[in-house]
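Take a look at the structure below.
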Amino acid sequence: MKKKLFLVATITTVLASCGGGGGMPNFGDNEYPVQEVTTSAAAMQTTYPAVINGIQDVEIRPKVTGFLTQINVTEGQTVQAGQVLFVIDNETYQAAVRQAQASVNTAQSQVSTAKLTYENSQQLFDSRVIGEYELQTAGNALQSAQAQLAQAQAMLASARENLSFCYVKSPARGVVGTLPLKKGALVSASNVLTHVSDISQMDVYFSVTEKDMLALSKAEGGLKGAAEQFPSLKLQLADGSIYGYDGHVASISGVIDKATGSVQLKARFPNPDGLLKSGGAGTIIVPREAEGAIVIPQSVVSEVQNKKFVYLLNDSNKVVYTEITVDPQDDGKNFVVTSGLKPGDKYVTNGITKLQDQMEIVPITPQRYQEKIQEQAKAMTAGDIVEAMKK
């Protein structure tokens, strides 16, 4: 009994496959299944190519010139803000600090001497031993010494800052990129030592047409409202898989790209597992709902020179080869028809390759079509089975 049921099921599968776009079971009459067009809510999606970047992607450059003496990180290492990544030969800068400190010490001594001289001159002036000219000269000498001390202190601060620049630190927490230079290389501000990317969250950039952006902005009361009303986004990775976390639109550019006529949007995705890498590429998927949509199986549609057609049934039971247009985004199984069909139309669902324009048929329901397949499967001989499987 089980073998018989399995055989019937196999035959039914073969017959059903013949009844798709590739043919139709031979029922002995001109019967074709016909379905009436209806409307329904359709879950749709729009896709956009995207570029992935860390929320902070910083070039690390030295501020001073010198030989690279230490490389304290490896490629791909996670570093913290303030962590020392590289050390540049600092003997010259240490000497500059010592020299500047000596100048400060000398200037402080000169200030002390000038102060004593001025205080003594003040006493002599009060005793009317010296005149106002001598007192003013001593005061000017004190001010000059104080100015020289301030200048020396500024030079010391500059020397210390240059010395600190020999220790190249990370400005943020992130992941170290490539390390193009080796220990011993002469580096300057023109050299990029590496990149540090904060990939705890990722900024994913994509663009929409000016027309779509205008429509959305008007509907939501401006760019800010449009960004807030954007649905949750999905990200398709380069291998075709869907990223496990949803994102949201963080900002919308207020400038239209003149070359492409598009507006750039920035979506933000969490990256707790570190799967997304800065510089990667993917596809943004924007889900949307279409109310009152006409959805038909792709198997009922024939395509000729990039145009799509279905067979509609007219009042005389003749089929009419009718062109339709569909939404460019589909799920791989169904089309959302944008023009060419209306509710109440009737289209042929199976055996379309055997049809011709204005051919008269006997319409049956898809349910009756499946019943006839079952009936024919049970009545088939072994030879019929072999022939059916060859088709």
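A few points about this structure:
- Ordering Arg173, Arg268, Arg128 by accessible surface, largest first, gives Arg128, Arg173, Arg268; the 1.4 Å probe counts only protein heavy atoms, with every chain in place.
- 0 to 90° range, to nearest 10: angle between helix 91-126 axis and the chain longest Cα axis: 40 degrees
- For Gln370 and Val58, the difference between the fully extended length at 0.36 nm per residue and the C-alpha to C-alpha distance is 106.0 nm.
- Scaling the Cα radius of gyration of the chain by the globular reference 2.2 N^0.38 Å produces a ratio of 1.90.
- Across the protein chains, with a 1.4 Å probe defining accessible surface, the residues His195, His248 rank His248, His195 from largest area downward.
- Gln56 long-range amide H proximity, modeled H, under 5 Å: Asp198
- Placed amide H near Ala250: partners under 5 Å, 5+ positions off or other chain: Lys266, Ala267, Arg268
- Under 14 Å from the Cα of Lys63 - aspartates and glutamates, other chains or at least 8 residues apart: Asp89, Glu161
- Taking label points 7 Å from Cα along the Cα-to-Cβ direction, Tyr205 and Ser339 give a separation of 3.6 nm.
- Region 223-307 - Debye-derived log10 I(q)/I(0), Cα point model, q = 0.10, 0.23, 0.26, 0.27 Å⁻¹: -0.41, -1.15, -1.27, -1.32
- Mean shadow area of region 240-391, taken as a quarter of the surface of its Cα convex hull (nm²): 16.3 nm²
- Alpha-carbon spread of region 96-187, three principal axes, descending order, Å: 76, 26, 15
- Legend: Rg and Dmax of region 89-148, from Cα coordinates, 16.8, 60 Å.
- In the structure shown, the pairs Lys182/Lys258; Lys277/Lys308; Lys211/Lys234; Lys346/Lys372 are assessed against 31 Å; a Cα-Cα span above that value is assigned to Lys182/Lys258; Lys277/Lys308.
- Using the Cα coordinates of region 30-124, the gyration tensor eigenvalues translate into equivalent-ellipsoid semi-axes of 77, 24, 9 Å, sorted from longest to shortest.
The values are calculated or read from the model by the stated rules, or taken from the named source; none is laboratory data. Owing to the predicted nature of the structure, the values given are computational and were not obtained by experimental measurement. Ideal geometry is used to build each Cβ from the backbone, glycine not excepted, and the neighbour counts take in all protein chains shown. Accessible surface is based on the protein model in full, side chains and every heavy atom, while ligands, DNA and RNA are left aside. Shrake-Rupley method; radii C 1.70, N 1.55, O 1.52, S 1.80 Å.
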